[in-house]
Amino acid sequence: MPPQTKPAVLFLCVHNAGRSQMAAGWLRYLSKGSIDVFSGGSNPAADINEMAVAAMDEVGIDIAHEQPSPWTDAEVRSADVIVSMGCGDVCPVYRGKRYVDWVLTDPAGQPIEVVREVRDDIEQRVRQLMASLDTSAGS
């Protein structure tokens, strides 16, 4: 019997500084290592969004050390699911991949109250995504 491989999820947005970093943080936290998690941007920012860091810190998830970066071909090829969050036509499209598009408010320049709403919305979406991957982690 071949060894089981972990599912892999790639979160994509334009700057890889807010939404995709929060989603990756949630999935790493909730899956407890049972899912490989990647994130990237089409035009990565210089730094992670400080309000996103603060909002995630409020729920005990540290994303402060994450660095915005472009997605890599290897990450796209290894992903079972690619979740786009506003990267539009520049998001990579590969045959045989499951794509999900999440329409979310961009937390850039938003007050903490708005970023908290985005964080909480992302948490619910990540939980639904995990359930669709048939993993028992986070339940």
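Quick note: the coordinates plus some simple rules give every number you see, no bench work behind them. Note that the structure is predicted; figures quoted are calculated from it, not measured. With ideal geometry, Cβ positions are generated from the backbone for all residues, glycine too; neighbour counts draw on all protein chains shown.
Details
- Inter-label distance, Glu117 to Ala64: 2.7 nm, where each label sits 7 Å from its Cα along the C-beta direction.
- Taking other Cβ atoms within 10 Å as a rough exposure proxy, Met22, Met56 sort from fewest to most as Met56, Met22.
- Binned Cα-Cα distances of the chain, short to long, each 5 Å bin given as a whole percent: 2, 11, 22, 25, 21, 12, 5, 2, 1, 0, 0
- Residues within the reach of a label modelled at Glu50 (point 7 angstrom out along Cα to beta-carbon, backbone nitrogen below 16 Å), restricted to region 113-128, are 113, 115.
- Taking the chain and dividing mean pair separation by its residue count, relative contact order in percent (alpha carbons under 8 Å, at least six apart): 31 percent
- Gaussian network model of the chain, Cα within-10 Å springs - most flexible of Val93, Val37, Val118: Val93
- Longest site-free stretch - the chain; sites: trypsin sites (Lys or Arg not before Pro), DSSP loop, at most 15 other Cβ within 10 Å: 33-94
- Judged by a Cβ-Cβ distance under 4.7 Å, the unpaired cysteines of the chain are Cys13.
- Loop-located chymotrypsin sites (Phe, Trp or Tyr not before Pro) in region 74-119 whose Cβ has at most 12 other Cβ within 10 Å (DSSP): Tyr94
- Listed from fewest to most Cβ neighbours within 10 Å, the set Ile112, Ile122 follows the order Ile112, Ile122.
- In the chain, the DSSP-assigned H stretches of four residues or longer account for a calculated mean residue ellipticity at 222 nm of -11000 deg cm²/dmol, using -39500 (n - 2.57) per stretch and the full residue count as denominator.
- Cβ-based exposure ranking for Leu104, Leu129, in which fewest neighbours within 10 Å come first: Leu104, Leu129
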